[in-house]
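Below is one structure, written out as C-alpha cells; the observations come after it.
The values are calculated or read from the model by the stated rules, or taken from the named source; none is laboratory data. Everything quoted here is computed from the prediction, not taken from an experiment. Positions of Cβ are backbone-derived with ideal geometry, glycine not excepted, and every protein chain shown enters the neighbour counts.
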Amino acid sequence: MTFKEAFPDQLKLNPLENIFKQYYSHFPERSLQFPHPNESISDILKITAQETNYRFSDRLLESCLDEALFFRGGFDTELYQHLRYLPASWHSHSFLEIVCVIEGTAVNYIQDHKLQMSMGDICIIAPETLHAISAFSDDCIIINILLRTSTFEKVFFGILYENDILSDFFTHTLYHSKTHPYLFFRTGGDPEMFDFIFYAYREFLSSRPYKERFLNNIIGAFFIVLLRNHGAHVIMPETVTQEHGENILFLLKYVQENYTTVTLKGLAEFFNYSERQIQRIIKNCTGMSFSQNIQKLKMHQAARLLRNPDLSVSAIAGELGYGDAGNFRHMFKKYYGMTPTEYREQHG
C-alpha cells in the first residue's frame, strides 16, 4: 500500500505549508531550503502562526525542543508528517527522532553531515544532536517518529539483548560518536517497513482505546523488521572505510557466533585483513578492543548459563572455551565482582 492509498487527504499542502511555500517562492534570496539559526527565520514562523492559528506553530519557534512540547501524558511515541516547505532551521531535542522518507526526496543536515534521503530511507537521530531537515517539494512525504529515549533503549536494545557486540556497535555509533550521532538505513521502499509505518501513523491519528500501549508494540515490531531486513544496510561511521563497511556487520556477527573459539589471527585471515586492521575496525565500531569484546561476550553468556542450576561451573567454563575452570572463576570475579557461585545464589 502506498501513502496515497493509505492517507489520500494528507497529500495536499495544508494551509501552513501553503504559506511556507509562498515565502519560499517570493523570497528566494533568503535560501530557506538551507539550515538557518532559528532567530533568522522567526519572523516567518511568527507570521505564519498568527495567520493560521496552527497549534503546532508555537513549537517551531523553539531551537531546543523538550519532551514536554511534544509528548502527551502517558504517551511514549508520537508521529507527525513533516511540514513541507518549512524553513530549514538548526535545532535539537531531548528525545529521539526517526525520520522516514515515504515519498520524494529530502536533505537531512546533521551537524557537519549532509544526507541526501530518498524514498525508503530511515534515519535515527540521537538526542541532543543539532540537525535540520529540508523538504522543499509538494511530493515529499516524511513521517517523523518521536520516541522518549528510555522507550527507544528498552525496545531497540531489548531486541538485541543476546547480540551483545551488535548492540555495542549501535550504541557506540548512536550515543558515543561526536561526528556521527545517527543510524542511517536504506530500505529501498521495503513494503513490509512501509506497512508498519502506515499502521503506526493510522493508529496515532485514531482515538481508539489502548492507543498508547498499542503504538509502542507497533514500533517494537517496526524495529524488529528494520534490523532483520536492513541491519546489514546501516551506514557505517566515518572512521570505517567504505571497503570495511561492506563487511563490518558480517564480521561482528561472526565474532558473536564464534567467540568461544575465534582468535584475532584467525579473524584477520578469514576476512583477509591484517590483525592491526581488525583491531582498529572493532575498536572504532564498538569502543572496545577485540579481547575486551570476547571477554564481555563470554562473561554475559556465563551469567545467562549460571541461571540454569543443572549446569556446573566447570561445565560452563568448558562451554565457553576455558580449559581451566579456575581461570574462568578468576575472570568472572574480576568482571562481576563476585564468584560464579555467588552470582548463581543471587540470580538463580
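Candidates ILE133, ILE110, ILE122, ILE102: the one that is surrounded by 19 or more Cβ atoms within 10 Å (Cβ to Cβ), among the aliphatic types (A, V, I, L, M) and in contact with a Cys (Cβ under 7 Å, 6 or more places away or on another chain) is ILE122. In the set (1) crowded, with 17+ Cβ neighbours inside 10 Å; (2) free of Cβ contacts under 8 Å to residues at least 24 places away in the same chain; (3) of a type outside the set (D, E, K, R), the condition left unmet by PRO35 is number (2).
Let's see how each residue does on (1) among the polar types (S, T, N, Q); (2) under 25 Å from THR171 (Cβ atoms); (3) at pLDDT below 90:
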position	(1), (2), (3)
THR187	yes, yes, no
ILE219	no, yes, no
ARG228	no, yes, yes
THR241	yes, yes, yes
VAL262	no, yes, no
LYS265	no, no, no
ASN272	yes, no, yes
GLN295	yes, yes, no
HIS300	no, yes, no
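In the set (1) outside any loop (DSSP other than H, G, I, E, B); (2) surrounded by fewer than 18 Cβ atoms within 10 Å (Cβ to Cβ); (3) polar (S, T, N, Q), the condition left unmet by SER207 is number (1).
Of everything listed in (1) free of Cβ contacts under 8 Å to residues at least 24 places away in the same chain; (2) exposed (fewer than 15 other Cβ atoms within 10 Å of the Cβ); (3) not polar (S, T, N, Q), the single unmet condition for GLY74 is (1).
Return yes when THR48 is surrounded by 15 or more Cβ atoms within 10 Å (Cβ to Cβ), assigned by TED's automatic domain parsing to the domain that holds ALA106 and either out of contact with any helix residue (DSSP H, G or I) (no Cβ under 9 Å at 6 or more places or on another chain) or more than 30 Å from PHE152 (Cα to Cα) (or both) and no when it is not. Taking the combined requirement at face value, the residue satisfies it. For segment 152-176, taking the residues that are out of contact with any helix residue (DSSP H, G or I) (no Cβ under 6 Å at 6 or more places or on another chain), surrounded by fewer than 20 Cβ atoms within 10 Å (Cβ to Cβ) and among the hydroxyl-bearing types (Ser, Thr, Tyr), the one that is farthest from LEU305 (Cα to Cα) is identified as TYR175. Is it the case, given these coordinates, that GLU246 is farther than 30 Å from LYS4 by Cβ, in the same structural domain as ALA317 (by TED's automatic domain parsing), at pLDDT below 90 and surrounded by fewer than 17 Cβ atoms within 10 Å (Cβ to Cβ)? Yes: the conditions hold for GLU246. Taking ASP43, is it modelled with pLDDT under 95, out of contact with any strand residue (DSSP E or B) (no Cβ under 8 Å at 6 or more places or on another chain) and acidic (Asp, Glu)? Spelling it out, ASP43 is indeed modelled with pLDDT under 95, out of contact with any strand residue (DSSP E or B) (no Cβ under 8 Å at 6 or more places or on another chain) and acidic (Asp, Glu). Annotation: TYR210 fulfils all but one of (1) at negative phi; (2) over 19 Å from the mean Cα position of the chain (by Cα); (3) without any contact (Cβ under 8 Å) to a residue 12 or more places away in the chain; the unmet one is (1).
Filtering segment 323-348 to residues that are in contact (Cβ under 8 Å) with a residue 24 or more places away in the chain and not basic (Lys, Arg) leaves PHE328, MET331, PHE332, TYR335, TYR336, PRO340, THR341, TYR343, HIS347, GLY348. Listed by position, the helices (runs of 4 or more DSSP H) contained in segment 22-73 that have at least 1 residues being under 29 Å from the mean Cα position of the chain (by Cα) and not charged (D, E, K, R) are 57-60, 67-70.
If a residue counts only when it is acidic (Asp, Glu), which helices (runs of 4 or more DSSP H) contained entirely in segment 228-347 have at least 1 such residues?
242-245, 248-258, 264-271, 275-286, 313-319, 340-347
Count, please, the residues in segment 165-204 that happen to be assigned to a helix (DSSP H, G or I) and farther than 30 Å from LYS298 by Cα. Give the steps one after another, and end with the answer.
So in segment 165-204, the residues assigned to a helix (DSSP H, G or I) come out as 165-175, 191-204.
When the remaining residues are screened for being farther than 30 Å from LYS298 by Cα, the result is 191-204.
The qualifying residues number 14.
Does segment 310-320 contain any residue that is closer than 28 Å to SER274 by Cβ, modelled with pLDDT under 95 and either surrounded by 17 or more Cβ atoms within 10 Å (Cβ to Cβ) or of a type in the set (Ser, Thr, Tyr) (or both)? So far as segment 310-320 goes, yes, one or more of its residues are closer than 28 Å to SER274 by Cβ, modelled with pLDDT under 95 and either surrounded by 17 or more Cβ atoms within 10 Å (Cβ to Cβ) or of a type in the set (Ser, Thr, Tyr) (or both).
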